[in-house]
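The values are calculated or read from the model by the stated rules, or taken from the named source; none is laboratory data. Predicted model only: the values in this text are computed from it and were never measured. Cβ coordinates were reconstructed from backbone atoms using ideal geometry, including for glycine residues, and neighbour counts include every protein chain displayed.
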Amino acid sequence: PPPPRPPPPHPPALLPRSTVQGKMASHIVGYPRMGPKRELKFALESFWDGKSSAEDLEKVATDLRSSIWKQMSEAGIKYIPSNTFSYYDQVLDTTAMLGAVPERYSWTGGEIGLSTYFSMARGNATVPAMEMTKWFDTNYHFIVPELGPRTKFSYASHKAVSEYKEAKALGIDTVPVLIGPVSYLLLSKPAKGVEKSFSLLSLLGSILPIYKEVVAELKAAGASWIQFDEPTLVKDLDAHELAAFSSAYAELETLTSLSGVTAYGFDLIRGAKTLDLIRSSFPSGKYLFAGVVDGRNIWADDLAASLSTLQSLEVVAGKDKLVVSTSCSLMHTAVDLVNETKLDDEIKSWLAFAAQKVVEVNALAKALAGQKDEAYFAANAAALASRKSSPRVTNEEVQKAAAALKGSDHRRATNVSARLDAQQKKLNLPILPTTTIGSFPQTVELRRVRREYKAKKISEEEYVSAIKEEISKVVKIQEELDIDVLVHGEPERNDMVEYFGEQLSGFAFTANGWVQSYGSRCVKPPIIYGDVSRPNPMTVFWSKTAQSMTSRPMKGMLTGPVTILNWSFVRNDQPRFETCYQIALAIKKEVEDLEAAGIQVIQIDEAALREGLPLRKSEHAFYLDWAVHSFRITNCGVQDTTQIHTHMCYSNFNDIIHSIIDMDADVITIENSRSDEKLLSVFREGVKYGAGIGPGVYDIHSPRIPTTEEIADRINKMLAVLDTNILWVNPDCGLKTRKYTEVKPALTNMVSATKLIRTQL
Ligand code: GLN
Ligand code: ZN
């Protein structure tokens, strides 16, 4: 899965001792570490596979770091970050810095080496990896520290200092970046066996002495600024958590004899109120690092608008105390537009990736200092004007249709229990119907067929017949397994968003627009640049073909509007909900065409609905309202007898269960098995659910094959809280990443468990 929207304000920075001469007041919060062509990814994977040495890996890393530093330096950036590189994750780097290695990795002390580091990140032959979770509302995943009262801390990774020195040796004085102590603790979880009530913040006194050592060493090496990232400050914090910030920095000040926090940096893109708050109460005498260039998307900045924001902030902070910055680390955007050969010049002129954003930041700083590059600003204004007026962006018809949706509601006419009755008359399914989520294993052969078709190496005929053959194989397997509602296996799809984006208008695709998702994994989000419409049916041919191969119901399989939105780079010239409504209208057409083609069950995946939830609780209701509305738009027009399914990934639905109910799908399949059945507790506590529901009965992320007994046990647990006639039996998610040797026995056991329980009812 993919992408972005700006989060965390970046850090307060400490202690300016000297100022770099000759450079304008410009700063970059952080930079992508993968490299313009994912060099780090390939180096890491080759090292993990034993195909290259640690020295080979280190060489790639050193080269990447130096080219990034040099690039920023040459662009004229004054405050260049260091320690933003990572072999895996910056939170894990902090865990290493603090020596907070969980016991199971049997680390014996000293400096943490690559082997312990990667064991924590990825697990090893005997010990599983540490947990990974999403970084705020981005698609970046970090390794969650596991801390408890017995965790011993020691200064065990000198990476921050060695990176600082490495840059210095290149003649570049950098600002070392550290994750601040309070955010580090608030991003942690209590270690296994530690009481849930354990206060992670109680460890503050134990980690500050290590920060003190790091700061002392950085100072000794010559660092005059240190950046502490404290992104948790953007969340809804209680008084106790807020107090931890004040005391941590007061203590750090005493411990390190720093002159206190000298500068504050803010994301001025994402937080709607930040700018007003700064204007009304910025402390005097402090530097203001103004994050005006969006680090979370790929659009060229509106330089004139940013410049006027900056000029208004000069009044607040003072002319000599204002620094132009990015809204957050640029690691959440693509690396360099230079490598885009597929995009046409017009679209390219509207974009700025990380490398281009560095130049924008510097241009703004120069303009503030009275050295405005008129030609650069004029070119930017022209690009913006072309984007505004381009007929490729605007589609009057779509605009009108989307505008007509606002203010009105969209719901199916009949209530869900009456619909389920009407559907059952037609579908005649057994009790506890079995199904899967959509994809079947994507074999090497299948990927080759798709790749060769795309490269025009095989003909359309050859491609269609290969895919048909695959579908018929998948259909046969499901019939043999005796699954009730079938899927076609999605062999024609590379990715659940890209497949639709490529067929919708208003989308563009990059060749190298990768963004790190976790470890060596990257995603390449599509770019939504214009009004979205669906010129032609996208899935009807395949679904019809698949249905013709079986007498059992075949699910039509679509990606929902909210998921398409959340996993793309979204245009910033209209509100997100407007773009979402447009996608909803396009998917609605597809739903209705599938229905007309005789497909009786249609699944509209909203895998990413939960992850689009804003960070602030006060913004939840608004998001959920338009997101759920968008979903309903897609299927409000179908007949009662057409069964609409949806699917959602990720645990933690409990806080949005009422919105899920409000989606009004006939059946929802939902990831469940990794969340300690937390989902079921909602129903145990009395939430009434009347539609069909299939909480996943086994985890598809693991190669482990679940036994019949354990699945039966799961189903029984579900039956204890859900009515027999609404429960469905299915895996957690799609089977794309699994092998047939895992999928067949797992589904065999799933069906036997279901049959066993049916006889007991
Ligand atoms: N239908 C998709 C599949 O099975 C759903 C994937 C997902 O939820 N991430 O692959
Ligand atoms: Zn899923």
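Taking the stretch 704-745 as the search range and keeping residues that are out of contact with any helix residue (DSSP H, G or I) (no Cβ under 9 Å at 6 or more places or on another chain) and away from ligand 2 (no atom under 16 Å from the Cβ), which one is nearest to GLN442 (Cα to Cα)? So that I can check it myself, show each step before the final result.
Initially, the stretch 704-745 is screened for residues out of contact with any helix residue (DSSP H, G or I) (no Cβ under 9 Å at 6 or more places or on another chain), giving 723-724, 728, 732-734, 736-737, 739, 741-742, 745.
Okay, now just the ones that are also away from ligand 2 (no atom under 16 Å from the Cβ), so 723-724, 739, 741-742, 745.
Working: ASP723: 35, THR724: 34, LYS739: 8, THR741: 13, GLU742: 13, PRO745: 17 Å.
Restricting to residues being out of contact with any helix residue (DSSP H, G or I) (no Cβ under 9 Å at 6 or more places or on another chain) and away from ligand 2 (no atom under 16 Å from the Cβ), the top hit is LYS739.
Go through the stretch 597-614 and count every residue that is buried (at least 18 other Cβ atoms within 10 Å of the Cβ), more than 16 Å from ligand 2 (Cβ to nearest atom) and more than 20 Å from the chain's Cα centre (by Cα). If you could, list the steps in order and put the result at the bottom.
Of the stretch 597-614, the ones buried (at least 18 other Cβ atoms within 10 Å of the Cβ) are 599-613.
Then keep just the ones that are more than 16 Å from ligand 2 (Cβ to nearest atom); that gives 599-602, 613.
Cutting the leftovers down to more than 20 Å from the chain's Cα centre (by Cα) gives us 599-602.
Residues that pass the stated criteria total 4.
So in the stretch 579-596, with the set limited to residues that are within 16 Å of ligand 1 (Cβ to nearest atom) and among the hydrophobic types (A, V, I, L, M, F, W, C), which one is farthest from the chain's Cα centre (by Cα)? I'd like the intermediate steps shown before the answer.
Let us first name the residues in the stretch 579-596 that are within 16 Å of ligand 1 (Cβ to nearest atom), namely 587, 590-591, 594.
Of the ones still in play, those that are also among the hydrophobic types (A, V, I, L, M, F, W, C) are 587, 591, 594.
On the way: ILE587: 22, VAL591: 27, LEU594: 30 Å.
Among them, the one singled out is LEU594.
I'm checking my understanding of the structure. Among residues of the stretch 635-655 that are modelled with pLDDT of 95 or more and within 15 Å of ligand 1 (Cβ to nearest atom), which one is nearest to the chain's Cα centre (by Cα)?
At the first step, the residues of the stretch 635-655 found to be modelled with pLDDT of 95 or more are 635-647.
Narrowing further to those that are within 15 Å of ligand 1 (Cβ to nearest atom): 644-647.
On the way: ILE644: 26, HIS645: 24, THR646: 20, HIS647: 18 Å.
Within the stretch 635-655, the match that is nearest to the chain's Cα centre (by Cα) is HIS647.
What strands (runs of 3 or more DSSP E) completely inside the stretch 640-729 contain at least 2 residues that are of a type in the set (A, V, I, L, M)?
On the way: elements: 643-648, 667-670, 692-695.
Here the list reads 643-648, 667-670.
Collect the residues in the stretch 64-85 that are in a loop (DSSP other than H, G, I, E, B) and surrounded by 19 or more Cβ atoms within 10 Å (Cβ to Cβ), keeping them in residue-number order.
First, pick out the residues of the stretch 64-85 that are in a loop (DSSP other than H, G, I, E, B): 76-78, 83-85.
Within the stretch 64-85, ILE77, LYS78, ASN83, THR84, PHE85 qualify.
How many residues, within the stretch 251-277, are surrounded by fewer than 19 Cβ atoms within 10 Å (Cβ to Cβ) and not basic (Lys, Arg)?
Taking the stretch 251-277 first, the residues surrounded by fewer than 19 Cβ atoms within 10 Å (Cβ to Cβ) are 251, 253-255, 257-260, 262, 272-277.
Going one step further and asking which of them are not basic (Lys, Arg), we end up with 251, 253-255, 257-260, 262, 272, 274-277.
Selection size over the stretch 251-277: 14.
Working only within the stretch 84-95, note down all residues that are more than 20 Å from THR126 (Cβ to Cβ) and of a type outside the set (S, T, N, Q).
PHE85, TYR87, ASP89, VAL91, ASP93, listed by residue number.
Is it the case, given these coordinates, that ASP531 is within 23 Å of GLN600 (Cα to Cα), more than 16 Å from ligand 2 (Cβ to nearest atom), crowded, with 18+ Cβ neighbours inside 10 Å and among the acidic types (Asp, Glu)? Give the steps one after another, and end with the answer.
On the way: within 23 Å of GLN600 (Cα to Cα): no; more than 16 Å from ligand 2 (Cβ to nearest atom): yes; crowded, with 18+ Cβ neighbours inside 10 Å: yes; among the acidic types (Asp, Glu): yes.
So ASP531 does not fit the description; no.
In the list ARG412, ARG448, ARG387, ARG419, which residue meets the criterion of being of a type in the set (Lys, Arg), away from ligand 1 (no atom under 16 Å from the Cβ), assigned to a loop (DSSP other than H, G, I, E, B) and at pLDDT 95 or above? Please lay out each step first, then the result.
Working: ARG448 fails: assigned to a loop (DSSP other than H, G, I, E, B); ARG387 fails: assigned to a loop (DSSP other than H, G, I, E, B); ARG419 fails: assigned to a loop (DSSP other than H, G, I, E, B).
The conditions single out ARG412.
Could you please give the count of residues in the stretch 428-445 that are out of contact with any Cys (no Cβ under 7 Å at 6 or more places or on another chain), of a type outside the set (Ser, Thr, Tyr), within 16 Å of ligand 1 (Cβ to nearest atom) and within 30 Å of ASN725 (Cβ to Cβ)?
So in the stretch 428-445, the residues out of contact with any Cys (no Cβ under 7 Å at 6 or more places or on another chain) come out as 428-436, 438-445.
Those left that are additionally of a type outside the set (Ser, Thr, Tyr): 428-433, 438, 440-442, 444-445.
Okay, now just the ones that are also within 16 Å of ligand 1 (Cβ to nearest atom), so 438, 440-442.
Checking which are within 30 Å of ASN725 (Cβ to Cβ) leaves us with 438, 440.
Residues meeting the conditions: 2.
Being in contact with a Ser or Thr (Cβ under 6 Å, 6 or more places away or on another chain), within 16 Å of ligand 2 (Cβ to nearest atom) and either in contact (Cβ under 8 Å) with a residue 60 or more places away in the chain or under 24 Å from LYS425 (Cα atoms) (or both) is the filter here, so list the residues in the stretch 630-653 that pass it.
Pass one, the stretch 630-653, residues in contact with a Ser or Thr (Cβ under 6 Å, 6 or more places away or on another chain): 640, 647, 651.
Applying the additional criterion that residues be within 16 Å of ligand 2 (Cβ to nearest atom) yields 647, 651.
Residue satisfying the conditions is HIS647 alone.
Could you list all residues from the stretch 661-696 that are modelled with pLDDT under 95, β-branched (Val, Ile, Thr) and crowded, with 21+ Cβ neighbours inside 10 Å?
ILE670
Table: residues versus (1) touching a Leu at 6+ places or on another chain (Cβ under 9 Å); (2) under 27 Å from ASP49 (Cβ atoms).
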site: LEU92; (1), (2): no, yes
site: ALA96; (1), (2): no, yes
site: ARG104; (1), (2): no, yes
site: GLY113; (1), (2): no, yes
site: PHE142; (1), (2): yes, yes
site: THR151; (1), (2): yes, no
site: LYS159; (1), (2): no, yes
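As an exercise: evaluate MET557 against (1) within 16 Å of ligand 1 (Cβ to nearest atom); (2) surrounded by fewer than 22 Cβ atoms within 10 Å (Cβ to Cβ) and give the number of the one condition it does not meet.
Among (1) within 16 Å of ligand 1 (Cβ to nearest atom); (2) surrounded by fewer than 22 Cβ atoms within 10 Å (Cβ to Cβ), MET557 violates only (2).
Looking at (1) in contact with a strand residue (DSSP E or B) (Cβ under 7 Å, 6 or more places away or on another chain); (2) part of a loop (DSSP other than H, G, I, E, B), which one does THR94 not meet, given that it meets all the others?
THR94 satisfies all of (1) in contact with a strand residue (DSSP E or B) (Cβ under 7 Å, 6 or more places away or on another chain); (2) part of a loop (DSSP other than H, G, I, E, B) except (2).
Conditions tested, residue by residue: (1) touching a Lys or Arg at 6+ places or on another chain (Cβ under 7 Å); (2) part of a helix (DSSP H, G or I).
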position: ALA263; (1), (2): yes, no
position: GLY271; (1), (2): no, no
position: LEU277; (1), (2): no, yes
position: SER280; (1), (2): no, yes
position: GLY285; (1), (2): no, no
position: GLY291; (1), (2): no, no
position: ALA305; (1), (2): no, yes
position: GLN311; (1), (2): no, yes
position: VAL316; (1), (2): yes, yes
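Residues in the stretch 702-716: is at least one over 22 Å from LEU420 (Cα atoms), within 16 Å of ligand 1 (Cβ to nearest atom), among the hydrophobic types (A, V, I, L, M, F, W, C) and surrounded by 15 or more Cβ atoms within 10 Å (Cβ to Cβ)? Steps first, answer last, please.
Step one: filter the stretch 702-716 for residues over 22 Å from LEU420 (Cα atoms), giving 702-714, 716.
Retained after the next criterion (residues that are within 16 Å of ligand 1 (Cβ to nearest atom)): 702.
So of that shortlist, the ones also among the hydrophobic types (A, V, I, L, M, F, W, C) come out as none.
No, every residue in the stretch 702-716 fails to be over 22 Å from LEU420 (Cα atoms), within 16 Å of ligand 1 (Cβ to nearest atom), among the hydrophobic types (A, V, I, L, M, F, W, C) and surrounded by 15 or more Cβ atoms within 10 Å (Cβ to Cβ).
Which count do you get for residues in the stretch 718-743 that are surrounded by 15 or more Cβ atoms within 10 Å (Cβ to Cβ) and either of a type in the set (Asp, Glu) or away from ligand 1 (no atom under 14 Å from the Cβ) (or both)?
The qualifying residues number 10.
Here is a yes/no grid of residues against (1) β-branched (Val, Ile, Thr); (2) within 16 Å of ligand 2 (Cβ to nearest atom):
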{"position": "TRP567", "(1), (2)": "no, yes"}
{"position": "ALA584", "(1), (2)": "no, no"}
{"position": "LYS589", "(1), (2)": "no, no"}
{"position": "GLU595", "(1), (2)": "no, no"}
{"position": "ARG616", "(1), (2)": "no, no"}
{"position": "ALA621", "(1), (2)": "no, no"}
{"position": "VAL628", "(1), (2)": "yes, no"}
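With respect to ALA43, is the statement that it is surrounded by fewer than 22 Cβ atoms within 10 Å (Cβ to Cβ), more than 20 Å from the chain's Cα centre (by Cα) and modelled with pLDDT of 95 or more true? Steps first, please.
Working: surrounded by fewer than 22 Cβ atoms within 10 Å (Cβ to Cβ): no; more than 20 Å from the chain's Cα centre (by Cα): yes; modelled with pLDDT of 95 or more: yes.
No.
Of all residues in the stretch 475-514 being farther than 29 Å from ARG38 by Cβ and surrounded by 21 or more Cβ atoms within 10 Å (Cβ to Cβ), which is farthest from ligand 2 (Cβ to nearest atom)?
Out of the qualifying residues, it is VAL475.
Restricting to the stretch 558-600, name every residue that is under 30 Å from ALA422 (Cα atoms), in a loop (DSSP other than H, G, I, E, B) and among the polar types (S, T, N, Q). Step through it out loud before you land on a result.
So the first thing to find is which residues in the stretch 558-600 are under 30 Å from ALA422 (Cα atoms), and the list is 558-563, 581, 583-600.
Checking which are in a loop (DSSP other than H, G, I, E, B) leaves us with 560, 597-600.
Selection gives GLN600 alone.
Tell me, please, whether a residue that is part of a strand (DSSP E or B) and at pLDDT 95 or above can be found in the stretch 16-31.
Step one: filter the stretch 16-31 for residues part of a strand (DSSP E or B), giving 26-27.
With at pLDDT 95 or above added as a condition, the list becomes 26-27.
Scanning the stretch 16-31 turns up at least one residue that is part of a strand (DSSP E or B) and at pLDDT 95 or above.
Residues are listed down the side, and each one gets a yes or a no for (1) under 22 Å from THR559 (Cβ atoms); (2) β-branched (Val, Ile, Thr); (3) assigned to a helix (DSSP H, G or I):
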| site | (1), (2), (3) |
| --- | --- |
| TYR463 | yes, no, yes |
| ALA466 | no, no, yes |
| GLU469 | no, no, yes |
| LYS476 | no, no, yes |
| ARG493 | yes, no, no |
| MET496 | yes, no, no |
| TYR499 | yes, no, yes |
| GLN503 | yes, no, no |
| GLY506 | yes, no, no |
